[in-house]
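The values are calculated or read from the model by the stated rules, or taken from the named source; none is laboratory data. Just so it is clear, the model here is predicted, and its values are computed rather than measured. We place every Cβ from the backbone using ideal geometry, glycine too, and count neighbours over all the protein chains shown. Heads up: the accessible areas ignore ligands, DNA and RNA and are worked out on the full protein's heavy atoms, side chains in. Shrake-Rupley method; radii C 1.70, N 1.55, O 1.52, S 1.80 Å.
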Amino acid sequence: DLRAIEAALRAYKPPPYTEGQFVYAAMGASISQGGGASPASRGWVYLIQDRLRAFIPGARVRNLAVGGTTTQHALEVQLPKALQCRPDLITYTSGMNDLQYGVPVEKVRENVEFTLRELRARAGAAIVITLMPPGRRFPAFSLRLPNIEKRRRNVGPERTARFNAVFRQPAARYGAQLVDIGRMFDGLSSQSEINRLFSFDGIHPCLLYTSPSPRD
């Protein structure tokens, strides 16, 4: 039951942080929240947590991501919470919902600029942000359904490239590290190969939890 899974993730309350503890704060939308993971509570944010703990015992994660989040929500709701927990590491994966739902590029630019400027000035943490993947190749966008057509147009190559420019420029200005998750499509020529990377909804990459190794 996806609603039950989402409710459980929203209800998660992390223990209080102690002075000197390594803290990882994750900002973003459903992919960071756990969408596509199996089980959902072991999404990629928690895989990073486990690998951090292999090197830094007691490292903690504060997952602030919420499904459907836009860069505006990340700015208004997640940014203050991220700053409050005094993180050492921040991942910022917002933007895909803005892209597919037609949020103007200039509005996203303002949101991303403000968020990264505040994080750099007030958090002093390492910041990692992701670029937009080629959404037109997501399985869900290949469906011929009326409610998908407009979203498919919004994730076209030209608009996606403009969004990525919005993230590249402030990332360079504020010393954030960029991760191009679209590279997972490199070398995959057929749609069937790409489809195998995704969960049943055709939107979220399929993640399977495995125990971490310090060598990974």
Here is a list of conditions, (1) at pLDDT below 90; (2) open to solvent by less than 60 Å² (accessible area, probe 1.4 Å), and N63 meets all of them except one; can you say which number that is?
(1)
Long-range neighbours under 6 Å by Cβ, at least six apart or interchain, first residue in contact (Cβ under 8 Å) with a residue 60 or more places away in the chain and among the acidic types (D, E) within segment 76-104, second open to solvent by 10 Å² or more (accessible area, probe 1.4 Å) and outside any helix (DSSP H, G or I)
D88/F22; D98/T70
Can you find even one residue in segment 141-158 that is of a type in the set (A, V, I, L, M, F, W, C), surrounded by 15 or more Cβ atoms within 10 Å (Cβ to Cβ) and not in a helix (DSSP H, G or I)?
yes
Failed condition for G58, given (1) outside any helix (DSSP H, G or I); (2) open to solvent by less than 10 Å² (accessible area, probe 1.4 Å)
(2)
Within segment 103-132, the residues that are among the β-branched types (V, I, T) and not in a loop (DSSP other than H, G, I, E, B) are V105, V108, V112, T115, I127, V128, I129, T130
In segment 90-98, is there at least one residue being in contact with a Gly (Cβ under 7 Å, 6 or more places away or on another chain), in a helix (DSSP H, G or I), surrounded by 13 or more Cβ atoms within 10 Å (Cβ to Cβ) and of a type in the set (V, I, T)?
no
